[in-house]
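First comes the structure, then the notes that go with it.
The values are calculated or read from the model by the stated rules, or taken from the named source; none is laboratory data. Since the model is a prediction, treat every value here as computed from it, not as a measurement. Cβ atoms come from the backbone with ideal geometry, glycine included; neighbour counts cover every protein chain shown.
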Amino acid sequence: MTVVAIANQKGGVGKTTTAISLSAALAEKGQRILLLDLDPQANATSGIGIEPDSEGSMYYPLLGDATIQEKIVPTRLENLSIVPSGMDLAGVEIELARRDDHLTALRQLLNELKEQASYDYVILDTPPSLGVLMTSALAAADEILIPLQCEWFGLEGLAKIVHVIEQIRESGAAPELKLEGILMTMFDGRTNLSRQVVEEVSNYFPEQLYENVIPRTIRIGEAPSHGITIFEHDPTGSGARSYRAVAEEFLIRHSFVGEPIA
Ligand code: ADP
Ligand code: MG
């Protein structure tokens with residue numbers, strides 16, 4: 001079981017869309033996926049067609065009063081389960097911050113889940129801030145996947161999150177934490193800007209940058225309002241094709257992890 005946090009402290013960059021779409025695409029390929037919604041705004045929860053639920057969120061598990069297992073609910077998609085979010089998660093920030101174990105609370109919960117070997121990947125959707133929820137998600141992850149909007153301001157944010165990843169590593173909470181990838185989102189092929197931003201990122205992060213980019217499409221933007229994935233909303237469109245390609249790229253990258261070098 002590998003824990004992947006979809007993270008970027010900026011809002012509106014495609015984190016939730018990527019968390020939902022990557023989860024659904026991996027599930028479609030037979031991977032057993034748990035999507036964990038850690039954003040109090042619950043966009044991943046409603047986007048996949050589930051009612052946000054305060055009682056059912058990570059609130060109690062994070063404070064040591066429940067297990068993750070109790071909060072897992074199935075989605076209508078095969079191989080894809082979710083721990084929903086609800087408004088109460090906003091309050092967990094303050095309560096967690098008071099505790100000494102706030103950085104490792106989620107990691108410990110996920111370690112228990114790891115022992116059961118019920119999932120291949122746990123995908124964490126994170127809130128758009130560098131608060132306690134976000135840092136505990138980073139510290140709980142094996143890998144970080146950063147969605148990055150094809151805009152110049154996105155690059156400033158990238159430097160910041162890379163710095164935070166280093167800080168988490170150095171804190172000792174997650175010394176092996178890896179920057180798995182950077183996924184360019186909302187790519188607009190008609191503008192030079194999109195291409196320039198992709199090129200800039202590939203100069204600094206040639207290994208991490210995903211070859212596939214996610215185009216800006218109306219269909220991707222529409223899907224969450226219907227509570228369905230892009231694969232249901234527009235199965236053969238460019239949005240669905242690009243997220244499927246990203247899932248394939250993700251799996252190819254992961255099949256090499258840990259293999260002995262001959
Ligand atoms: P975040 O979780 O980082 O705040 P979201 O995934 O919620 O970002 O995306 C922000 C908004 O942009 C949402 O309304 C979403 O539907 C829309 N969106 C995300 N990706 C795309 C895309 N590739 N094309 C068009 N709209 C998109
Ligand atoms: Mg979001």
Subset of segment 44-55 (residues that are surrounded by fewer than 21 Cβ atoms within 10 Å (Cβ to Cβ) and in a helix (DSSP H, G or I)): SER46
Residues of segment 56-78 that turn out to be within 21 Å of ARG99 (Cβ to Cβ) and either not in a loop (DSSP other than H, G, I, E, B) or not charged (D, E, K, R) (or both), as a count: 13
Residues (in contact with a strand residue (DSSP E or B) (Cβ under 6 Å, 6 or more places away or on another chain), part of a helix (DSSP H, G or I) and within 15 Å of ligand 2 (Cβ to nearest atom)) located in segment 1-31: LYS15, THR16, THR18, ALA19, SER23
Looking only at segment 1-37, and only at residues there that are among the small types (Gly, Ala, Ser) and more than 10 Å from ligand 1 (Cβ to nearest atom), the one that is farthest from the chain's Cα centre (by Cα): GLY30
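Polar (S, T, N, Q), more than 16 Å from ligand 2 (Cβ to nearest atom) and within 20 Å of VAL13 (Cβ to Cβ), is that true of THR229?
On the way: polar (S, T, N, Q): yes; more than 16 Å from ligand 2 (Cβ to nearest atom): no; within 20 Å of VAL13 (Cβ to Cβ): yes.
For THR229, the condition - polar (S, T, N, Q), more than 16 Å from ligand 2 (Cβ to nearest atom) and within 20 Å of VAL13 (Cβ to Cβ) - is not met.
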Matching entry among ASP88, ASP65, ASP101 (being away from ligand 1 (no atom under 16 Å from the Cβ) and in contact with a Phe, Trp or Tyr (Cβ under 8 Å, 6 or more places away or on another chain)): ASP88
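Within segment 103-139, take every residue that is of a type in the set (Gly, Ala, Ser) and in contact (Cβ under 8 Å) with a residue 60 or more places away in the chain and give me the one that is farthest from THR45 (Cα to Cα). Explain how you work it out, then say what you get.
In the first step, residues of segment 103-139 are kept if they are of a type in the set (Gly, Ala, Ser); the result is 105, 117-118, 129, 131, 136-137, 139.
Subset that is in contact (Cβ under 8 Å) with a residue 60 or more places away in the chain: 117-118, 129, 136-137.
Values: ALA117: 23, SER118: 21, SER129: 18, SER136: 19, ALA137: 17 Å.
Checking each candidate, the answer is ALA117.
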Segment 181-203 residues that are surrounded by 20 or more Cβ atoms within 10 Å (Cβ to Cβ), paired with ones that are in a helix (DSSP H, G or I) and of a type in the set (Phe, Trp, Tyr) (beta carbon under 7 Å, 6 or more apart): VAL197/TRP152
Subset of segment 202-247 [under 13 Å from LEU183 (Cβ atoms) and out of contact with any helix residue (DSSP H, G or I) (no Cβ under 7 Å at 6 or more places or on another chain)]: SER202, PHE205, GLN208, SER242, ALA245
Filtered residues of segment 117-136 (kept if within 13 Å of ligand 1 (Cβ to nearest atom) and surrounded by 22 or more Cβ atoms within 10 Å (Cβ to Cβ)): ILE123, LEU124, ASP125, THR126, PRO127, MET134
Failed condition for LEU103, given (1) among the aliphatic types (A, V, I, L, M); (2) surrounded by fewer than 22 Cβ atoms within 10 Å (Cβ to Cβ); (3) part of a helix (DSSP H, G or I): (3)
Residue within segment 49-57 that is within 11 Å of ligand 1 (Cβ to nearest atom) and not polar (S, T, N, Q) present: no
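ARG219: under 20 Å from GLN149 (Cβ atoms), modelled with pLDDT of 95 or more and of a type in the set (Lys, Arg), yes or no?
Numbers: under 20 Å from GLN149 (Cβ atoms): yes; modelled with pLDDT of 95 or more: yes; of a type in the set (Lys, Arg): yes.
Yes, satisfied.
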Check on ALA139, among the hydrophobic types (A, V, I, L, M, F, W, C), more than 16 Å from ligand 2 (Cβ to nearest atom) and modelled with pLDDT under 95: no
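Only residues that are within 22 Å of SER21 (Cα to Cα) and over 20 Å from the mean Cα position of the chain (by Cα): list them for segment 173-197, please. Walk me through it before giving the result.
Narrowing segment 173-197 to residues within 22 Å of SER21 (Cα to Cα): 178-189, 194.
The answer is ASP188, GLY189, SER194.
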Residue match in segment 158-181 (condition: among the hydrophobic types (A, V, I, L, M, F, W, C) and in contact with a Gly (Cβ under 9 Å, 6 or more places away or on another chain)): no
Near pairs, Cβ below 7 angstrom, 6+ apart or cross-chain, from segment 158-172 (polar (S, T, N, Q)) to any residue that is crowded, with 20+ Cβ neighbours inside 10 Å: SER171/LEU103
Meets criteria (part of a strand (DSSP E or B), surrounded by 16 or more Cβ atoms within 10 Å (Cβ to Cβ) and not acidic (Asp, Glu)) for LEU158: no
